[in-house]
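Enquirer: I'd like to ask you about the structure that follows.
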Amino acid sequence: MKISVERNQLLTPLQVAHAVVERRQTLPILANVLLTATEHGFRLSATDLEVELSVPGTLDKCVAPGATTLPARKLLDLCRALPDGTLLTIDASGDRATVRAGRSRFSLSTLPATEFPGIDVTADELTLELPQRDLRRAIEATHFAMAQQDVRYYLNGMLFEINAGKVRLVATDGHRMAITELPLELAPELNRRIIVPRKTVIEALRLLSDDETPARLCVGVDHLTLSAADIVFKSKVIDGSFPDYERVVPRNQDKVLDIDRLALRDALNRVAIFANEKYRSVRLQLEPNLLRLSANNAENEDAEDELEVEYAGASLEIGFNVSYLIDVLTALRSESVRLHLSDPGSSCLLTEPAGGFNRYVIMPMRL
């Protein structure tokens with residue numbers, strides 16, 4: 001294989017593909033990217049055996065089409081170190097690849113392209129098309145509630161539930177939960193529930209653009225394929241049963257108040273400075289027309305803030321992890337937020353007063 005490519009034409013897709021490559025690898029070839037060149041351009045592929053990312057690129061010239069695998073980190077560092085506009089010539093033969101850039105020459109070890117592992121996928125059962133912006137915003141609204149390295153492995157990802165003309169995304173770490181929905185123009189014939197791994201969700205958030213161009217989701221029994229702007233992202237799904245999340249959503253809360261979202265978030269950020277670093281607890285004291293926020297720490301420091309609210313119900317004192325509240329208020333886009341409360345031992349439901357597809361549940365803390 002021998003190609004000529006301008007530095008930025010290689011660097012941009014390489015930066016995208018490299019994100020999938022893990023620093024610690026069980027197989028040497030997983031530290032490499034697969035470079036496949038034809039007369040029409042090239043494609044870079046990377047995998048960690050759980051996810052696989054394939055990114056297209058354009059060439060100045062393809063002298064000899066072919067494929068090889070190159071060390072991802074070294075190739076990325078080399079491209080970054082070269083001046084903008086540099087023309088690279090990559091000549092791969094046997095177990096070596098020579099990269100020439102002006103008067104510079106670099107020799108890289110390669111591994112055979114035939115040994116590069118791909119994710120074997122079964123036939124797609126269901127295909128959806130959604131605007132990239134809608135899918136991106138739905139993930140932004142929920143991804144922060146996913147667990148990280150929880151022994152309940154099915155929580156280390158996000159539920160995609162497809163049925164009745166909508167896609168519902170659900171994430172929970174056992175202490176909080178985020179739910180949102182995306183309506184579909186065409187209702188699929190099949191209903192599916194898949195748990196998408198955390199790494200896949202984070203990568204999808206990075207790849208999706210904030211515009212109306214379509215993204216295609218292809219769902220199989222054991223995999224998910226996301227295609228957007230000629231980038232193809234394949235992922236295995238988590239084999240497990242997601243909890244019955246609807247059972248956790250509070251019902252018939254008798255204490256409801258609407259409050260300015262940014263005002264509440266700013267007040268919580270101020271009070272959080274003095275919260276206990278380990279427990280991050282904040283106290284909410286609700287009285288007629290008043291919400292008082294307070295926190296203290298082991299150094300006997302404390303903070304208190306008050307916000308005027310429209311509320312005429314009974315008084316309530318309840319505690320929450322302040323970071324959980326701030327995450328929700330940051331994810332929401334509405335001007336105000338509605339809090340549904342019941343008693344100090346019951347979870348809080350947060351919604352958008354004007355209606356919307358986002359729901360959040362946060363468990364209380366002992367005061």
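Enquirer: Can you confirm whether Leu70 is more than 26 Å from the chain's Cα centre (by Cα), of a type outside the set (S, T, N, Q) and either in a strand (DSSP E or B) or surrounded by fewer than 16 Cβ atoms within 10 Å (Cβ to Cβ) (or both)?
Expert: Working: more than 26 Å from the chain's Cα centre (by Cα): yes; of a type outside the set (S, T, N, Q): yes; either in a strand (DSSP E or B) or surrounded by fewer than 16 Cβ atoms within 10 Å (Cβ to Cβ) (or both): yes.
It is true that Leu70 is more than 26 Å from the chain's Cα centre (by Cα), of a type outside the set (S, T, N, Q) and either in a strand (DSSP E or B) or surrounded by fewer than 16 Cβ atoms within 10 Å (Cβ to Cβ) (or both).
Enquirer: State all residues of the range 176-185 that are of a type outside the set (S, T, N, Q) and either part of a strand (DSSP E or B) or surrounded by fewer than 16 Cβ atoms within 10 Å (Cβ to Cβ) (or both); if no residue qualifies, say none.
Expert: Initial filter on the range 176-185 (of a type outside the set (S, T, N, Q)): 176-179, 181-185.
Scanning the range 176-185 gives Arg176, Met177, Ala178, Ile179, Glu181, Leu182, Pro183, Glu185.
Enquirer: Give the residues of the range 179-188 that are of a type outside the set (S, T, N, Q) and in contact with a Leu (Cβ under 8 Å, 6 or more places away or on another chain), sorted by residue number.
Expert: Hits for the range 179-188 are Ile179, Glu181, Leu182, Leu184, Pro188.
Enquirer: Pull out all pairs, ordered by first then second residue, where Cβ-Cβ is under 8 Å, the residues are six or more apart or on different chains, the first lies in the range 95-120 and is free of Cβ contacts under 8 Å to residues at least 24 places away in the same chain and among the small types (Gly, Ala, Ser), and the second is assigned to a strand (DSSP E or B) and open to solvent by less than 60 Å² (accessible area, probe 1.4 Å).
Expert: Partner pairs satisfying both residue conditions: Ser107/Ala97; Ser107/Thr98; Ser107/Val99.
Enquirer: Let me ask something else about it. Within the set of pairs 6 or more residues apart or between chains, which connect a residue that is over 22 Å from Ser235 (Cβ atoms) inside the range 158-179 to a residue that is of a type in the set (D, E, K, R) with Cβ atoms less than 9 Å apart?
Expert: If the second residue must be of a type in the set (D, E, K, R), the pairs left are Gly165/Glu185; Gly174/Asp150; Gly174/Arg152; Arg176/Asp327; Met177/Arg359.
Enquirer: Determine, yes or no, whether Glu161 is acidic (Asp, Glu) and surrounded by 15 or more Cβ atoms within 10 Å (Cβ to Cβ).
Expert: So Glu161 fits the description; yes.
Residues checked against (1) out of contact with any strand residue (DSSP E or B) (no Cβ under 6 Å at 6 or more places or on another chain); (2) closer than 18 Å to Val248 by Cα; (3) of a type in the set (A, V, I, L, M, F, W, C):
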residue: Leu293; (1), (2), (3): no, no, yes
residue: Ala303; (1), (2), (3): no, no, yes
residue: Asp327; (1), (2), (3): yes, no, no
residue: Pro344; (1), (2), (3): no, yes, no
residue: Met365; (1), (2), (3): no, yes, yes
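Enquirer: Given the condition touching a Ser or Thr at 6+ places or on another chain (Cβ under 7 Å) and under 26 Å from Pro243 (Cα atoms), answer yes or no: does some residue in the range 142-152 qualify?
Expert: yes
Enquirer: Of the numbered conditions (1) over 30 Å from Leu349 (Cα atoms); (2) of a type outside the set (Gly, Ala, Ser); (3) open to solvent by less than 30 Å² (accessible area, probe 1.4 Å); (4) touching a helix residue (DSSP H, G or I) at 6+ places or on another chain (Cβ under 7 Å), Glu212 satisfies every one except a single condition; which is it?
Expert: (3)
Enquirer: Which count do you get for residues in the range 160-186 that are hydrophobic (A, V, I, L, M, F, W, C), over 19 Å from Gly356 (Cα atoms) and in contact with a Lys or Arg (Cβ under 8 Å, 6 or more places away or on another chain)?
Expert: 0
Enquirer: For the range 200-240, how many residues are part of a helix (DSSP H, G or I) and either of a type in the set (A, V, I, L, M) or within 22 Å of Pro117 (Cα to Cα) (or both)?
Expert: The number of residues fulfilling the criteria is 7.
Enquirer: Open to solvent by 70 Å² or more (accessible area, probe 1.4 Å) and either of a type in the set (D, E, K, R) or touching a Phe, Trp or Tyr at 6+ places or on another chain (Cβ under 9 Å) (or both): which single residue out of Arg270, Arg261, Arg265 fits that description?
Expert: The match here is Arg270.
The values are calculated or read from the model by the stated rules, or taken from the named source; none is laboratory data. From a predicted model like this one, the values you see are computed outputs, not experimental measurements. Note that each Cβ is placed from the backbone with ideal geometry, even for glycine, and that neighbours are counted across all protein chains shown. In case anyone asks, the SASA skips ligands and DNA or RNA and just uses the protein heavy atoms, side chains included. Shrake-Rupley method; radii C 1.70, N 1.55, O 1.52, S 1.80 Å.
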